[in-house]
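K.L.:
After the structure tokens below, expect a handful of questions from me.
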Amino acid sequence: NAGVTQTPKFQVLKTGQSMTLQCAQDMNHNSMYWYRQDPGMGLRLIYYSASEGTTDKGEVPNGYNVSRLNKREFSLRLESAAPSQTSVYFCASSRLAGTTDTQYFGPGTRLTVL
Amino acid sequence: GNSVTQMEGPVTLSEEAFLTINCTYTATGYPSLFWYVQYPGEGLQLLLKATKADDKGSNKGFEATYRKETTSFHLEKGSVQVSDSAVYFCALKDNFNKFYFGSGTKLNVKP
């Protein structure tokens, strides 16, 4: 049981380049989330998908787009990377929105934008 | 708006010492409260949770009690081990299923 997987683990981009971070879960969870983690700021929600076919903005959505490709996969796209987007990105999933279910996290993607 | 505040680290303790990491929250409605732990190079893992006032979450010797009157969810452990060294995050989940995380507290346990 792999849980939540993320690719790539590390990425270096130049300002203005684009890339997509991939996330997949094999727990049949309905809800998926993208966070960024910056030093001293904890995790901040970028986008989430309460169920397949829906996506909603979180706390810091600017500069990002998401796609809930199917129930398993939720990708995060940076169309034109900026140094301010240097961060560690975590994907998470939970069984069902609107309940007390917890979230399960992937191992993270460390992104550096030069 | 909703928010979580936890004590700044790092916290450095000797093995077998008592641990307290303070966490307070601001939220409307009736949130659920969580403690997550992050080991180096890994994602966050759920440590414990409490879903209503006066509930006590516990796991691996850690415990925290949901105190609505003081809006707190402090993490405690009676005797820490070197293997407990990690970053600990307090979090709340609101009635709209959104999570809010504190900034994290790094714990260093020395042998």
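We did not get these values from a lab; they are worked out from the coordinates using the rules stated. These numbers were taken from a predicted model, which means no experiment stands behind them. Heads up, the Cβs are rebuilt from the backbone with ideal geometry, glycines too, and the neighbour counts pull from every protein chain shown.
K.L.:
Could you order peptides A:23-34, B:43-54, B:61-72, A:4-15 by the average number of other Cβ atoms within 10 Å of their residues, highest first? Could the numbers behind the result be given before it?
P.N.:
Details: A:23-34: 20.6, B:43-54: 17.8, B:61-72: 16.1, A:4-15: 14.0.
The peptides rank, most packed first, as A:23-34, B:43-54, B:61-72, A:4-15.
K.L.:
Also: At 0.36 nm per residue, minus the direct Cα-Cα distance, what do B:Thr20 and B:Ser83 gain on full extension? Give it in nm, one decimal, please. Walk me through the numbers on the way to the answer.
P.N.:
Working: separation 63, 0.36 × 63 = 22.68 nm, distance 1.64 nm.
Result for the pair: 21.0 nm of gain on full extension.
K.L.:
Separate question: Which FRET efficiency, nearest 0.05, do A:Thr7 and A:Leu96 yield, Cβ-Cβ r, R0 25 Å? Present the calculation step by step, with values, prior to reporting the outcome.
P.N.:
Numbers: r = 26 Å, r/R0 = 1.03.
For R0 = 25 Å, the calculated efficiency reads 0.45.
K.L.:
Computed FRET efficiency, Cβ-Cβ of A:Met19 and B:Asn95, R0 35 Å: what is it to the nearest 0.05?
P.N.:
Working: r = 35 Å, r/R0 = 0.99.
Here the calculated transfer efficiency is 0.50.
K.L.:
Follow-up question, since we're still on this one. Could you work out the relative contact order of chain B? I mean the mean sequence separation of Cα pairs under 8 Å and 6+ apart, divided by the number of residues, in percent. Walk me through the numbers on the way to the answer.
P.N.:
Values: 297 pairs, mean separation 41.8, N = 111.
Computed over chain B, the figure is 38 percent.
K.L.:
Still on this model: Give the separation of the Cα centroids, segment B:1-29 to segment A:3-65, in Å.
P.N.:
Rounded to whole Å, the Cα centres lie 26 Å apart.
K.L.:
Of A:Lys9/A:Lys57; B:Lys52/B:Lys77; B:Lys68/B:Lys110; B:Lys68/B:Lys106, which sit over 29 Å apart, Cα to Cα? Please report the intermediate quantities before stating the final value.
P.N.:
Working: A:Lys9/A:Lys57 24 Å; B:Lys52/B:Lys77 21 Å; B:Lys68/B:Lys110 34 Å; B:Lys68/B:Lys106 25 Å.
Result: B:Lys68/B:Lys110 exceed 29 Å.
K.L.:
Please list, in order along segment B:58-65, the HN-Hα scalar couplings obtained from phi with the Karplus expression 6.51 cos²θ - 1.76 cosθ + 1.60 (θ = phi - 60°), rounded to whole Hz, x for Gly and Pro.
P.N.:
8, 5, 6, x, 8, 8, 8, 10
K.L.:
Just going by the charge dipole of chain A, with Lys and Arg at +1 and Asp and Glu at -1 on Cβ, which of A:Ser18, A:Phe74, A:Tyr48 is farthest out on the positive end?
P.N.:
Of the listed residues, the answer is A:Ser18.
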